[in-house]
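Just below is one structure, and these are the notes that go with it.
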Amino acid sequence: MAHTRTHIKRDRAESRAYSQAVITEGGRIVWLAGQVAVSDAAGKSLAGDFDGQVREVFRLLGVTLQEAGGALKDMVTMTVFITDGRFGDRFTELRKEIFGGDFPASALITCRALARPELLVEVQGIAVVG
């Protein structure tokens, strides 16, 4: 069976850079562990740098997906944890920039803290690669 993907889009969801649902047929499922970023690829600390952490998290998720035979575009859902609700709108802007369109389904959850005090965002997800 060929791998197909259909996005159920609604205006509110699209404005927040996620799809209401993603329907897949065929392909392999990749379950992505929660990904955080304390430093960038060059080793520079990302403590306190929300944008930097988000970009690095998605870069690292992309690396993992590449190892599994896929790419970020193959993500069908994600759960995003942020430590400050005021980061929500900025996360949406960054996700639009990173994904461009045909967004994964998503939940955005505000929590008191992540595993280390300098972490501001964590993303886990599921991808279907084919």
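Classified by the C-alpha gyration tensor, the range 30-130 has a prolate form. Its axis ratio a/c, with a ≥ b ≥ c, is 1.5 or above, and a/b is larger than b/c.
Between Gln124 and Ile29, the distance separating the two model label sites (each 7 Å from Cα on the Cα→Cβ line) works out to 1.4 nm. Answer rounded, prolate or oblate for the range 1-45, using the Cα gyration tensor with square roots of eigenvalues a ≥ b ≥ c: rounded when a/c is under 1.5, else prolate when a/b is larger than b/c, else oblate. Since a/c reaches 1.5 but b/c is at least a/b, the shape of the range 1-45 is classed as oblate. How much of the DSSP beta bridge set in the range 61-130 is antiparallel, as a percent to the nearest 5? Bridges in the range 61-130 that DSSP calls antiparallel: roughly 55 percent. Our summary gives the chain a relative contact order of 36 percent, counting only alpha carbon pairs under 8 angstrom and 6 or more residues apart. Taking Ile82, Ile126, Ile29, Ile8 and ordering them by how much accessible surface each has at a 1.4 Å probe, largest first, produces Ile29, Ile8, Ile126, Ile82.
Each Lys and Arg contributes +1 and each Asp and Glu -1, all at the Cβ; summed about the Cα centre of the chain, the dipole is approximately 220 debye. The sum of -39500 (n - 2.57) across all DSSP H runs of n ≥ 4, divided by the residue count of the chain, sets its helix-only mean residue ellipticity at 222 nm to -8500 deg cm²/dmol. Cross-link partners for Lys9 among the lysines, with Cα-Cα distance under 17 Å and sequence neighbours closer than 8 places in the same chain left out: Lys73, Lys96. Beta-bridge orientation, the chain: approximately 75 percent antiparallel, per DSSP, counting only bridges with both partners inside. If you plug the beta carbon distance of Ala113 and Thr6 into 1/(1 + (r/R0)^6) with R0 = 22 Å, you get a FRET efficiency near 0.05.
The values are calculated or read from the model by the stated rules, or taken from the named source; none is laboratory data. A quick note: this is a predicted structure, and the numbers were derived from the prediction, not measured. Cβ coordinates were reconstructed from backbone atoms using ideal geometry, including for glycine residues, and neighbour counts include every protein chain displayed. Surface accessibility is based on the protein's heavy atoms, side chains included, excluding ligands, DNA and RNA. Shrake-Rupley method; radii C 1.70, N 1.55, O 1.52, S 1.80 Å.
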